[in-house]
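Chemist: I have a structure I would like to understand better, so I am pasting it below and will then ask my questions one at a time.
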Amino acid sequence: MASIQAAKRALRAQLKQKLAALSDLEKLQQSQAVTRKLLSHHRYQSAKRIAVFLNMSDEIQTGDIIRDIFRQDKSCFIPRYQPRSTHMDMVSLGSLEEINLLPVTTWNVRQPGEEDCRQEALATGGLDLVLVPGLGFDDKGHRLGRGKGYYDTFLERYSRHLSDKPYTIALAFQEQICDSIPVTENDFEIDEVICA
């Protein structure tokens, strides 16, 4: 177990370096390519309830995806992380404009505050599609997150509460695709990875 954690740490450091070397233009161009692929994907088109992350600076930009979700009149859910724990809920986002009103976390990501009452996906019928961030991915569906386990814990909780597992698609820069990712039995597999 310790050697897997060490391998994960080393790979995280390597991937963060690769991502830091990407120019804003490269990130934008790859984000646009990933967005085009996703919006034409049959899983996205048929999904009514979609969870999407509000991207950090080193992640695929999700603004155009969120705009399209509202344009298509689908339900949009975004992560709300609980600090000092591995707990995350997917809560409803009412409009595109709402994003700029959300408080910014210590990770420099916007999310609704704890006191902000919102519809929670698990309590209101689940999700059809979960768009997943991460640092690295391989072609076997393995994902390397940032080490907190939020998505793994959320998907595990989801499978305990609801029988229909949502389809999961990771959105990635080409630089995030790895030959293999070290995993433990707690790491959830992703159904598909879309990269530029």
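The values are calculated or read from the model by the stated rules, or taken from the named source; none is laboratory data. As the structure is a prediction and not an experimental result, all values here were calculated from the model. With ideal geometry, Cβ positions are generated from the backbone for all residues, glycine too; neighbour counts draw on all protein chains shown. Ligands, DNA and RNA are stripped out before the accessible areas are found, and what is left, the full protein with its side chains, is counted by its heavy atoms. Shrake-Rupley method; radii C 1.70, N 1.55, O 1.52, S 1.80 Å.
Chemist: Anything in region 146-169 that is within 23 Å of Q82 (Cβ to Cβ), buried (at least 19 other Cβ atoms within 10 Å of the Cβ) and in contact with a Leu (Cβ under 8 Å, 6 or more places away or on another chain)? List them, or say none.
Modeler: Y158, P166, T168
Chemist: Now for a separate question. Give the residue that is most open to solvent (accessible area, probe 1.4 Å), with candidates limited to residues of region 173-187 that are assigned to a loop (DSSP other than H, G, I, E, B) and touching a Gly at 6+ places or on another chain (Cβ under 9 Å).
Modeler: Here the residue is N186.
Chemist: Return a yes/no flag: does region 137-144 have any residue that is of a type outside the set (A, V, I, L, M), closer than 24 Å to I4 by Cα and assigned to a strand (DSSP E or B).
Modeler: Step one: of region 137-144, the residues of a type outside the set (A, V, I, L, M) are 137-143.
Imposing the further condition that a residue be closer than 24 Å to I4 by Cα reduces the set to 137-143.
Subset that is assigned to a strand (DSSP E or B): 137, 143.
Yes; the residues of region 137-144 include at least one that is of a type outside the set (A, V, I, L, M), closer than 24 Å to I4 by Cα and assigned to a strand (DSSP E or B).
Conditions tested, residue by residue: (1) under 21 Å from S46 (Cα atoms); (2) of a type outside the set (A, V, I, L, M).
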{"residue": "L144", "(1), (2)": "no, no"}
{"residue": "Y151", "(1), (2)": "no, yes"}
{"residue": "L155", "(1), (2)": "yes, no"}
{"residue": "C178", "(1), (2)": "no, yes"}
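Chemist: Kindly establish whether P79 is open to solvent by less than 40 Å² (accessible area, probe 1.4 Å) and out of contact with any Leu (no Cβ under 7 Å at 6 or more places or on another chain). Before you say what the answer is, go through the steps one by one.
Modeler: Working: open to solvent by less than 40 Å² (accessible area, probe 1.4 Å): yes; out of contact with any Leu (no Cβ under 7 Å at 6 or more places or on another chain): yes.
Spelling it out, P79 is indeed open to solvent by less than 40 Å² (accessible area, probe 1.4 Å) and out of contact with any Leu (no Cβ under 7 Å at 6 or more places or on another chain).
Chemist: While we're here: Considering only residues of region 82-122 that are free of Cβ contacts under 8 Å to residues at least 24 places away in the same chain and assigned to a helix (DSSP H, G or I), which is surrounded by the most Cβ atoms within 10 Å (Cβ to Cβ)?
Modeler: E98
Chemist: Filter region 67-76 down to the residues that are over 15 Å from D128 (Cα atoms) and surrounded by 15 or more Cβ atoms within 10 Å (Cβ to Cβ) and list them by number.
Modeler: Scanning region 67-76 gives D68, F70.
Chemist: Given the conditions (1) surrounded by fewer than 14 Cβ atoms within 10 Å (Cβ to Cβ); (2) modelled with pLDDT under 95; (3) of a type outside the set (A, V, I, L, M, F, W, C), which single one is not true for S46?
Modeler: (2)
Chemist: Can I ask one more? Name the pairs: first residue in region 34-56 and farther than 15 Å from G94 by Cα, second residue open to solvent by 100 Å² or more (accessible area, probe 1.4 Å), Cβ to Cβ under 7 Å, at least 6 apart or on different chains?
Modeler: M56/N108
Chemist: Return yes when Q5 is on the phi < 0 side of the Ramachandran plot, open to solvent by less than 70 Å² (accessible area, probe 1.4 Å), among the polar types (S, T, N, Q) and at pLDDT below 95 and no when it is not.
Modeler: Yes.
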